[in-house]
Amino acid sequence: MSTRTRLAALLLCPLFLAACGPSADPDVETAVSKLEKKPQQTAVPQQNGTTPPPSLLDASGLTAKDERAEIILLLPDTRIAMQAFQRNGLAMLVGRQAGYKLTTLDAAGSATQQVEQFRQAIATKPAAIFISPIDPASLAALIIEAQTAGIAVIGLDKRMLKDGCTSIVFSEQRHVGRMAAQTVLEALKRKADEEGRAEVTGRVIQLRGVEDSYPTNEMAEGFSEGLHAQPGVILVHDAATDWTAEKATQITTEALRLQKNFDAIYAHNDVIALGAAKAAETAGLRENVFIIGADGLAGQKRGIELVRQGEIDATIVQPALVDLALQLIVKLRKDKTFKPEPAYEIQPVAVVPKTVERSLRFGTYTLPKL
């Protein structure tokens, strides 16, 4: 039996966290695939470097007299797969809600631009602003300004808990890293058991999205904490990939040259994981390396499908968050007595070959009932 086959054998056994039941309606996982076939419109930056909100025609395809309640989604950088998924999924879900429209603004990685976009969003007087922050501290005063103007603000980050948002919806990034570590350790434990070894050992590399950001740092810390459960499992290489498959392939190739061999790769998203798998395949070592990604997006050449096809060995599903954010706004506007909780945490979910078909059929994470 090959090493990879032995490592993958763990996937036939229960995980620390099994896939949950179907997501509450609306379901962003099934909504996004249809919309992604349509071209996306991009706002053109002004001379001062800021990006104005799209016109109502751009945002909704309707006339300037459109009086539907507007939701503005502020994202850090939609070049990152998960954020593009949030944008597209929310657009589909909003399209299913009568009386609503959506505008999305992309800060392209600039905290300064995101602050200006938040100001512009307040000026348009939308019903709600959903914000995934680059620098939460820089937005605190604007959140209060928006709330004072009667605009609901839903934060999509744990760090915004005390910033005055109407509510926040988040998934703990450190937990994503810990869950990835648990999945890797279980694979290595089964390998040790099959080889008759009492000690669990392994050489692991980590491929980050970027060198220094809150989400990547949290995932990396959680992964490191999880690996400490087995002293014989060591992290031998840790590098940033700029969230690209091409750079992940280059870095993995270089890691193979330097380290000669290793047992597992943890990639901060599935795009990176696929790039790493390509390098391992080219080196003739794919059967020996357990590869786990994150995000677990639905759709072709995405995390859950990559696990089903065996191109990667596991993924940690990151909740989209925008689905629950939309539910909060719809309920707030329908039920004037509704008072949302200060925060809603949605747990990530590990998807492996044993659970992949169920995940594709019924969904992964579960949203709380409001």
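Just so you know, all these numbers are worked out from the coordinates, no wet-lab data involved. The model shown is predicted, which means the values in this text are computed figures rather than measured ones. Note: ideal-geometry Cβ built from the backbone for every residue, glycine included; neighbour counts use all protein chains shown.
Structure notes:
- Here, P(r) means the percent of Cα pairs in each 10 Å bin from 0 to the largest distance; for region 198-272 it is 19, 51, 27, 3.
- Peptide ranges 150-162, 295-307, 328-340 listed from the most packed, as the mean C-beta count within 10 angstrom indicates: 295-307, 150-162, 328-340
- Take 128-135, 67-74, 284-291 and order them by the average number of nearby Cβ atoms within 10 Å per residue, most first; the result is 128-135, 67-74, 284-291.
- As a proxy for reagent exposure, 139, 185 were ordered by neighbouring Cβ count within 10 angstrom, fewest first; the result is 185, 139.
- Antiparallel bridge percentage (DSSP; both residues within region 215-370; nearest 5): 30
- Sorting 101-107, 252-258 by average packing, meaning the other beta carbons within 10 Å per residue, from highest down gives 101-107, 252-258.
- Charge dipole magnitude, Cβ of K and R +1, D and E -1 - region 243-356, Cα centre, debye nearest 20: 400
- For region 239-288, the fraction of alpha-carbon pairs lying more than 12 Å apart is 55 percent, rounded to a whole number.
- Coarse-grained scattering of region 133-229 at q = 0.17, 0.19, 0.24 Å⁻¹, given as base-10 log I(q)/I(0) from a Debye sum over alpha-carbon atoms: -0.80, -0.90, -1.14
- Ranked list, fewest to most other Cβ atoms within 10 Å of each Cβ, for 167, 213: 213, 167
- Separation of region 179-254 and region 102-157, taken as the distance between their Cα centroids, equals 35 angstrom.
- Hydrodynamic radius by Kirkwood, which averages 1/r over all alpha carbon pairs of region 243-370, in angstrom: 16.2
- Residues 317, 210, 176, arranged from fewest to most other Cβ atoms within 10 angstrom of their Cβ, appear as 210, 176, 317.
- Charge context of residue 357, other residues only, Cβ under 13 angstrom, K/R +1, D/E -1: +3
- In order through region 209-222: 3J(HN,Hα) via Karplus (6.51 cos²θ - 1.76 cosθ + 1.60), integer Hz, x for Gly, Pro: x, 10, 5, 8, 8, 4, x, 5, 5, 5, 4, 5, 5, x
- Long pairs among 158/278; 189/260; 162/247; 101/162; 189/354, criterion Cα-Cα beyond 26 Å: 158/278; 162/247; 101/162
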